[in-house]
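Below is one structure, written out as structure tokens; the observations come after it.
Bear in mind these aren't lab numbers, they're just calculated from the coordinates by the rules spelled out. Being a predicted model, the structure only gives us computed values, none of them experimental. Cβ placement follows ideal geometry from the backbone for every residue including glycine, while neighbour counts extend to all protein chains displayed.
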Amino acid sequence: SLQRKINLKNWCMLKFHFWSRRFVAVISAVPSSISLHYIRFLNAFIRTGLGTGLYCLVHFLLVIIVGCEYLILFPYEQQVRPSFRIPLYYAVGAYLIVCILFHYQKACSVDPGRPECSDAEPLCISCGYHKPEGTHHCSLCGRCVLYMDHHCVWINQCVGLNNHRYFLQFVIYVWFSQCFILTANYTAFWEHFYSVNRLSAIPYCAQHLSLAPWRGLLCSLIPNLLNSYICFVYGLAALLSIILGMFAAWNMYLISIGETFIDYLA
């Protein structure tokens, strides 16, 4: 009976150690499993959620800015600008809108470039394909990109060999458009800025504007928002002109020295 008790005790100890190791293995695997699922969720969110949302936001802001310029600011400027400038403003604005939309759509739709399938060295450790010089693997796109500069959430894909020029031209045209707003609407902005707290004397509503037959409708529907609307558009233009100006200059500098943003960081 003593031998049986010893055998039972040994068996229990073996089972205890066995299940203890299994429990520790499961517990230690949970963080890595959660981490893996979290990374997959984050990648999917950035690609489908954030990227799509920012794509829509770009078009929404474009509508907001164009509406303010063409319906409010350009007609208002006719009273302080030479008569030939207003049609010129409309023409320049239309040209910039077309250029911005064209280059943005091309930056979003043109494939940034992928290396040809080959067994030549070196190989990418993530996807196993040939990785030529200047090529980097994007974890968000799940592929290698030729001359990858960076992954841009605003275009929902990477900036690479084939779409870098469209992306840079989009940034430059947006910068030009914001500088155009700052110079063309200087008078209108300050006159409305100083009347923010005087809703009864909104400059746009107090003037007779031949180029704005919709003035009465706007002043009756959103009189309390007109000053804020104009100040928001002008403030956004000031902010974007600074940020995009520095970003475009930085990109052109990297191009001039033959490097991408990733190569420069490395």
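Some notes on this structure:
- Each peptide in 136-147, 246-257 receives the mean, over its residues, of other Cβ atoms within 10 Å, and ordering these scores from highest gives 136-147, 246-257.
- Were the residues from Leu50 through Ala206 laid out at 0.36 nm apart, the gain over their Cα-Cα distance would be 52.0 nm.
- Peptides 84-90, 173-179, 230-236, ordered by how many other C-beta atoms sit within 10 Å of their residues on average, highest first, read 173-179, 230-236, 84-90.
- Pairwise alpha-carbon distances in region 111-255 exceed 28 Å for 47% of all pairs.
- Using the Karplus relation 6.51 cos²θ - 1.76 cosθ + 1.60 with θ = phi - 60°, the per-residue 3J(HN,Hα) values for region 215-227 come to 4, x, 5, 5, 5, 8, 8, 10, x, 6, 9, 4, 4 Hz, with x marking Gly and Pro.
- Cut-off 13 Å between beta-carbons: net charge of the residues surrounding Ala266, Lys and Arg +1, Asp and Glu -1: -4
- Rounded FRET efficiency, nearest 0.05, which uses the C-beta distance separating Leu236 from Phe102 and R0 of 25 Å: 0.70
- For region 186-255, dividing the convex hull volume of the Cα atoms by the residue count gives 112 Å³ per residue.
- Nonlocal amide H pairs with Cys158, under 5 Å, H built at 1.01 Å: Cys152
- Between Ser139 and Cys127, the distance separating the two model label sites (each 7 Å from Cα on the Cα→Cβ line) works out to 1.6 nm.
- Over all other residues within a Cβ to Cβ distance under 15 Å of Val233, the charged ones net out to -3, with Lys and Arg as +1 and Asp and Glu as -1.
- Rg/Rh ratio calculated on Cα atoms of region 99-173 (Kirkwood radius): 1.03
- Table column - 3J(HN,Hα) (Hz), region 98-109, Karplus curve with 6.51, -1.76, 1.60, x for Gly and Pro: 4, 5, 5, 5, 4, 6, 5, 5, 5, 5, 7, 9
- Annotation for region 123-139 versus region 194-266: alpha-carbon center distance of 41 Å.
- For Phe180, the shell of other residues with beta-carbons less than 14 Å away shows a net charge of 0, using +1 for Lys and Arg and -1 for Asp and Glu.
- 15 Å reach of a label modelled at Leu254, 7 Å along Cα-to-Cβ, counting backbone N of region 130-147: 134-138, 145-147
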